Ligand code: DQA
């Protein structure tokens, strides 16, 4: 089982960026927790962070072959990134969208996701644990189990 974990723009500065909204952990710390959980459920993860949409599209096109599912926090691209949405759709893989903050409790422009309509589901507002919930649920679903 191989899952792509994709972090979009500005998530590289987690830990410094608005901690009240995004939490204290750095992206490296979050990625380590994701990798630990993945190992526990016998799953390989390929993780990327990029600040530009083109780099994320390149990664999706290149890495989706041989992957089983995608977890993505597209950052602000969530709200307008149509080429990332198209790239995700073209993989035919199940996509779970994650947000650290609750995008529905924030500014109006954040309350619309162009990814949500093509996603299997969305985890929003649960902080870094949202990635773990997404990973465990996606893998369990892919294995045909209700929960690990
Ligand atoms: C975010 C929410 C987005 O609106 C914002 O632009 C981000 C982070 C989140 O994880 O809460 O960069 O995706």
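Residues of the stretch 90-113 being over 11 Å from the mean Cα position of the chain (by Cα), within 12 Å of the ligand (Cβ to nearest atom) and closer than 24 Å to residue 136 by Cα, which ones?
In the first step, residues of the stretch 90-113 are kept if they are over 11 Å from the mean Cα position of the chain (by Cα); the result is 90-94, 101-113.
From what is left, the residues that are within 12 Å of the ligand (Cβ to nearest atom) are 101-113.
Correct list: 101, 102, 103, 104, 113.
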Subset of the stretch 3-32 [within 24 Å of residue 140 (Cβ to Cβ) and within 14 Å of the chain's Cα centre (by Cα)]: 3, 4, 5, 6, 7, 30, 31
Residue count, the stretch 28-44 (criterion: surrounded by fewer than 17 Cβ atoms within 10 Å (Cβ to Cβ) and part of a helix (DSSP H, G or I)): 8
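Test residue 51 against the criterion of being in contact (Cβ under 8 Å) with a residue 12 or more places away in the chain, in contact with a helix residue (DSSP H, G or I) (Cβ under 8 Å, 6 or more places away or on another chain), within 16 Å of the ligand (Cβ to nearest atom) and within 27 Å of residue 18 (Cβ to Cβ), and give yes or no. Walk me through it before giving the result.
On the way: in contact (Cβ under 8 Å) with a residue 12 or more places away in the chain: yes; in contact with a helix residue (DSSP H, G or I) (Cβ under 8 Å, 6 or more places away or on another chain): yes; within 16 Å of the ligand (Cβ to nearest atom): yes; within 27 Å of residue 18 (Cβ to Cβ): yes.
Answer is yes for this residue.
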Residue that is nearest to the ligand (Cβ to nearest atom) [pool: residues in the stretch 64-80 that are on the phi < 0 side of the Ramachandran plot and surrounded by fewer than 16 Cβ atoms within 10 Å (Cβ to Cβ)]: 76
Failed item in (1) closer than 20 Å to residue 28 by Cβ; (2) within 14 Å of the chain's Cα centre (by Cα); (3) surrounded by fewer than 20 Cβ atoms within 10 Å (Cβ to Cβ), with residue 122 passing the rest: (1)
Boolean, residue 83 is more than 12 Å from the ligand (Cβ to nearest atom) and more than 22 Å from residue 34 (Cβ to Cβ): yes
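Can you work out which of the residues in the stretch 9-40 that are under 18 Å from residue 53 (Cα atoms) and in contact with a strand residue (DSSP E or B) (Cβ under 6 Å, 6 or more places away or on another chain) is nearest to the ligand (Cβ to nearest atom)? Outline the logic, then answer.
Kept after step one, since they are under 18 Å from residue 53 (Cα atoms), are these residues of the stretch 9-40: 9-13.
Now narrow it down to the ones that are in contact with a strand residue (DSSP E or B) (Cβ under 6 Å, 6 or more places away or on another chain): 11-12.
Working: 11: 6, 12: 10 Å.
Only one residue tops the list, namely 11.
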Selection from the stretch 127-146 of residues that are out of contact with any strand residue (DSSP E or B) (no Cβ under 8 Å at 6 or more places or on another chain), within 20 Å of residue 24 (Cα to Cα) and free of Cβ contacts under 8 Å to residues at least 24 places away in the same chain: 129
Hey, residue 87 under 22 Å from residue 9 (Cβ atoms) and more than 12 Å from the chain's Cα centre (by Cα) or not: yes
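Since every read-out is calculated from the coordinates, none of them should be taken as a lab result. Every value quoted in this text rests on a predicted model; they were computed, and no experiment measured them. Glycine also receives a Cβ, built like all others from the backbone with ideal geometry; neighbour counts cover every protein chain displayed.
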